[in-house]
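Following: one structure in structure tokens, then a few remarks.
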Amino acid sequence: MNDYCLVCDSHLKRELTWTNLLFPSALPPICATCEAKLQPITGERCRICSRSLATLNKKFIKEDLCMDCVRWEQDPHWANCLKQNLSIYHYNEFLKEVIALFKFRGDYILAEIFAQTLAKELDKLSFDFIVAIPLSEERLQERGFNQAEALARMAGQKTKDYLKRIHTEKQSKKSRGERLKQKQIFQFQGNHEEIKGKNIALIDDIYTTGTTLRQAAKVLKKEGAKRIYSLTLARG
């Protein structure tokens, strides 16, 4: 049982109960102050990308879709590519800091913060396999682990390595326009017969423009997958 907050390192005050003693893994690994800084996405959201519709001007909403997703669906190259992305939190300054610690500074244990929530949200999706958005070999050597795979494992899920990533400049350094224009960055690997007619859930840390997830979905659907869902910690 961890006695210190994984984010701010403050001492966790644990109430001594039989439940806590018997099920220590059910206890939150962060303090109440840090937990309160996480902002779950609630209320009406875009049916495809999970963007909070309450944060948008009505002119940027068409029925139950944000205009970004309307444009994606109107493009014949991308239409029906991604069935649904389920994002859990708003990408606020606090979560941005936590993800940076986790993703770029190698604090693998921080994935534990989201384990129970991810497991609960995954239950809402209908899938046969989970695929973590991969890193390129160069980026994997640089970071030491794949953050998307770490999230899946902490949530108690095994992942399939159906995708290989081509090395490119870091996504965080690209503008929105550059992300939207980027060439295909994934290749399929493995036995395509395994995914024919199957539903696949992609897992990643942040949904920003949706380009990365749609590129991954495009490759998998080309190999015969039926529906592609995705789960992300944050909606940027």
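The values are calculated or read from the model by the stated rules, or taken from the named source; none is laboratory data. Keep in mind that this is a model prediction, so the values were computed, not measured. Cβ coordinates were reconstructed from backbone atoms using ideal geometry, including for glycine residues, and neighbour counts include every protein chain displayed.
Brief remarks on what is shown
- Positions within the range 77-113 being under 19 Å from residue 235 (Cα atoms), in a loop (DSSP other than H, G, I, E, B) and of a type in the set (D, E, K, R), in sequence order: 83
- Failed item, numbered, when residue 70 is tested on (1) assigned to a helix (DSSP H, G or I); (2) under 26 Å from residue 28 (Cα atoms): (2)
- Residue in the range 49-58 that is surrounded by 10 or more Cβ atoms within 10 Å (Cβ to Cβ), modelled with pLDDT of 95 or more and not in a loop (DSSP other than H, G, I, E, B) present: yes
- Meets criteria (in the same structural domain as residue 207 (by TED's automatic domain parsing) and more than 14 Å from the chain's Cα centre (by Cα)) for residue 103: no
- Filtered residues of the range 119-149 (kept if part of a helix (DSSP H, G or I) and surrounded by fewer than 22 Cβ atoms within 10 Å (Cβ to Cβ)): 119, 120, 121, 122, 137, 138, 139, 140, 141, 142, 143
- The single condition among (1) under 17 Å from the mean Cα position of the chain (by Cα); (2) modelled with pLDDT under 95 that residue 168 does not meet is (1).
- Scanning the range 179-236 for residues that are assigned to a strand (DSSP E or B), of a type in the set (Val, Ile, Thr) and within 21 Å of residue 53 (Cβ to Cβ) yields 206, 232.
- Residue in the range 90-105 that is closer than 17 Å to residue 37 by Cα, in contact with a Pro (Cβ under 9 Å, 6 or more places away or on another chain) and touching a residue at least 40 places away in the same chain (Cβ under 8 Å) present: yes
- Matching residues in the range 13-32 - criterion: being within 29 Å of the chain's Cα centre (by Cα), of a type in the set (A, V, I, L, M) and modelled with pLDDT under 90: 26, 27
- Test for residue 234: is it within 14 Å of the chain's Cα centre (by Cα) and buried (at least 21 other Cβ atoms within 10 Å of the Cβ): yes
- Consider the range 215-236 and keep the residues that are touching a helix residue (DSSP H, G or I) at 6+ places or on another chain (Cβ under 7 Å) and among the small types (Gly, Ala, Ser). The one that is nearest to residue 126 (Cα to Cα) is 230.
- Residue list for the range 74-88, filter: surrounded by 16 or more Cβ atoms within 10 Å (Cβ to Cβ) and either polar (S, T, N, Q) or out of contact with any Lys or Arg (no Cβ under 6 Å at 6 or more places or on another chain) (or both): 84, 85, 86, 87, 88
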